[in-house]
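Worksheet: the structure to be examined is printed underneath.
The values are calculated or read from the model by the stated rules, or taken from the named source; none is laboratory data. Since the model is a prediction, treat every value here as computed from it, not as a measurement. Every residue, glycine among them, receives a Cβ derived from its backbone with ideal geometry; neighbour counts consider all protein chains shown.
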Amino acid sequence: MSTAENDAPETSRCPLCGQANQCAIVAGLAPESCWCMKEPVSREALARVPEQERGKACICPHCARPVEAS
């Protein structure tokens, strides 16, 4: 396995928590069937994705929720 393959992003994992991101597209399903088309994704969550991982893997439904004020 080459270094490039080792450095390739895991597209089925959330870049924030490492859990399965449940992305329909990665699973080979229609984009409109993805959870992110039906649930809100917080801007704050998207801002937490490291710059080098943006656009490479989706975040998961749990991480996409807005952070609740305590």
Exercise. In the range 41-70, which residues are within 11 Å of Pro15 (Cα to Cα), out of contact with any strand residue (DSSP E or B) (no Cβ under 7 Å at 6 or more places or on another chain) and not small (Gly, Ala, Ser)?
Worked result: Leu46, Arg48, Val49, Pro50, Glu51, Gln52, Glu53, Arg54, Lys56, Cys58, Ile59, Cys63
Problem set entry | Those residues of the range 23-70 which are in contact (Cβ under 8 Å) with a residue 12 or more places away in the chain, acidic (Asp, Glu) and not in a helix (DSSP H, G or I), in sequence order | Glu39
For this session: Please go through the range 1-30 and pick out each residue that is in contact with a Cys (Cβ under 7 Å, 6 or more places away or on another chain) and at pLDDT below 60.
Result: none
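Go through the range 25-64 residue by residue and tally those that are surrounded by 15 or more Cβ atoms within 10 Å (Cβ to Cβ) and of a type outside the set (A, V, I, L, M, F, W, C).
Within the range 25-64, the first condition is being surrounded by 15 or more Cβ atoms within 10 Å (Cβ to Cβ), and the residues that meet it are 26, 34-36, 41, 45, 49, 57-61, 63-64.
From what's left, of a type outside the set (A, V, I, L, M, F, W, C): 61.
The qualifying residues number 1.
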